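Note sheet for the following structure.
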Amino acid sequence: MKQNITNFFTELALMYRFTIKFFKQLFLPPYEFKELLHQCYSIGYKSLALVAITGFIMGLVLTIQARPTLNEFGAESWLPAMVSVSLIREIGPVITALICAGKVGSSIGAELSSMKVTEQIDAMEVAGINPFKYIVVTRVLATTLMIPILVIFADAVGLLGSYLAVNMDSYITFKLFFYQAIETLDYGDLLPAVIKTYFFGLAIGLIGCYKGYSANKGTESVGKAANAAVVFSSLTIFIIDMIAVQITSLLF
């Protein structure tokens, strides 16, 4: 038990040092814009299909599940508003971030740990390249920038799925549905939901890179790094969301 507690705080300290090093390297030249664009493409564009399917199903299922309850109270007309608030404030950001933690976080952890095992990182240092700057900073920046965009995309597709679900049993025009969905939203719904997605992306990138970059040399460390990246990223997302909800309730 004592050893587990010691290992936990040691890991926490190493993660803190890794994060501080990232912020220091972030503002120092050279700036790897080409690699950053490549990572944005790999993380953002290649995740669109999975995020779109997830968002569509979220909107569809949420609408189908909520309709009977609202019907009991004669409040079916509130369905678009209820779905939009639920998706944009909470469900959309968290579920999309968890999907990205599974896809992106595991990919980063496995890629960096395999580079560590095959000594590619050591080869970069010998060649005079800053591997931390080239590998870690670009990937963390890419996740921080792309996760919010993916969340907004998932919310839009989720509302489209909700619109189709509403029209399964009744009819509402596309314009009226989105008017009712957007009319109920205010800055207290949108601003916190967008801001916390940047922290989700930062956490996914930092944890995935840390687990991969600090992996032990050995083939089994690749699987362990990928698994640890997903688990800790998912847990961190829930913690960030819990903190964001508390702050939002105090400010708005």
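Computed from the coordinates by the stated procedures, all read-outs in this text should not be read as laboratory data. Everything numeric here is computed off the predicted structure, so don't read it as measured data. Please note: Cβ atoms are built from the backbone with ideal geometry, for glycine as well, and neighbour counts cover all protein chains shown.
Counting only whole DSSP H helices of the chain, the ones at least 20 Å long by C-alpha along their axis and with mean Kyte-Doolittle hydropathy no lower than 0.0 are 2-26, 48-72, 138-169, 187-213, 220-251. With the helix formula -39500 (n - 2.57) applied to DSSP H stretches of n ≥ 4, the chain reaches a computed 222 nm mean residue ellipticity of -26500 deg cm²/dmol.
Simple rule: put +1 on each Lys or Arg Cβ and -1 on each Asp or Glu Cβ in region 58-174, find the dipole, and look at Val126, Ser170, Ala142; the Cα lying farthest toward the positive end is Val126.
Its Cα centre serving as origin, region 128-200 has a Cβ charge dipole (Lys and Arg +1, Asp and Glu -1) of approximately 480 debye.
Using +1 on the beta carbon of Lys and Arg, -1 on that of Asp and Glu, and nothing else charged, what's the dipole of the chain about the Cα centre, debye to 20?
740 debye
The base-10 log of I(q)/I(0) for the chain, evaluated at q = 0.10, 0.17 Å⁻¹, reads -0.56, -1.21 [Debye formula, identical scatterers on Cα atoms, solvent excluded].
Compared with the rule-of-thumb size 2.2 N^0.38 Å for a compact globular protein, region 1-132 has a Cα radius of gyration ratio of 1.56. List, in the order given, every pair from Lys103/Lys224; Lys46/Lys116; Lys46/Lys217; Lys21/Lys103; Lys175/Lys196 whose Cα-Cα distance in the structure shown is over 22 Å. Pairs exceeding the cut-off: Lys46/Lys116; Lys46/Lys217; Lys21/Lys103; Lys175/Lys196. With the convex hull drawn over the C-alpha atoms of region 79-136, the volume per residue is 73 Å³. Our note on the geometry: Cα centres of region 171-220 and region 1-55, 15 Å apart. Just checking the listed ones, Phe27, Phe177, Phe132: in the Gaussian network model of the chain with Cα springs under 10 Å, the one fluctuating most is Phe27.
Find out how many positive minus negative residues lie around Glu220, taking Lys and Arg as positive, Asp and Glu as negative, among other residues whose Cβ is under 14 Å from that of Glu220.
For residues surrounding Glu220, the net value is +4.
Largest GNM mean-square fluctuation among Thr173, Thr118, Thr138, using the chain with Cα springs under 10 Å: Thr173. For region 85-168, the list of GluC sites (Glu not before Pro) that fall in a loop by DSSP and count at most 12 other C-beta atoms within 10 angstrom reads Glu119. Looking at the square roots a ≥ b ≥ c of the eigenvalues of the Cα gyration tensor of region 160-252, which shape do they give, rounded for a/c under 1.5, prolate if a/b is larger than b/c, or oblate? Oblate, because a/c is 1.5 or more while a/b does not exceed b/c. Residues considered: Tyr179, Tyr163, Tyr134. Largest GNM mean-square fluctuation over the chain, using C-alpha springs under 10 Å, is found at Tyr179.
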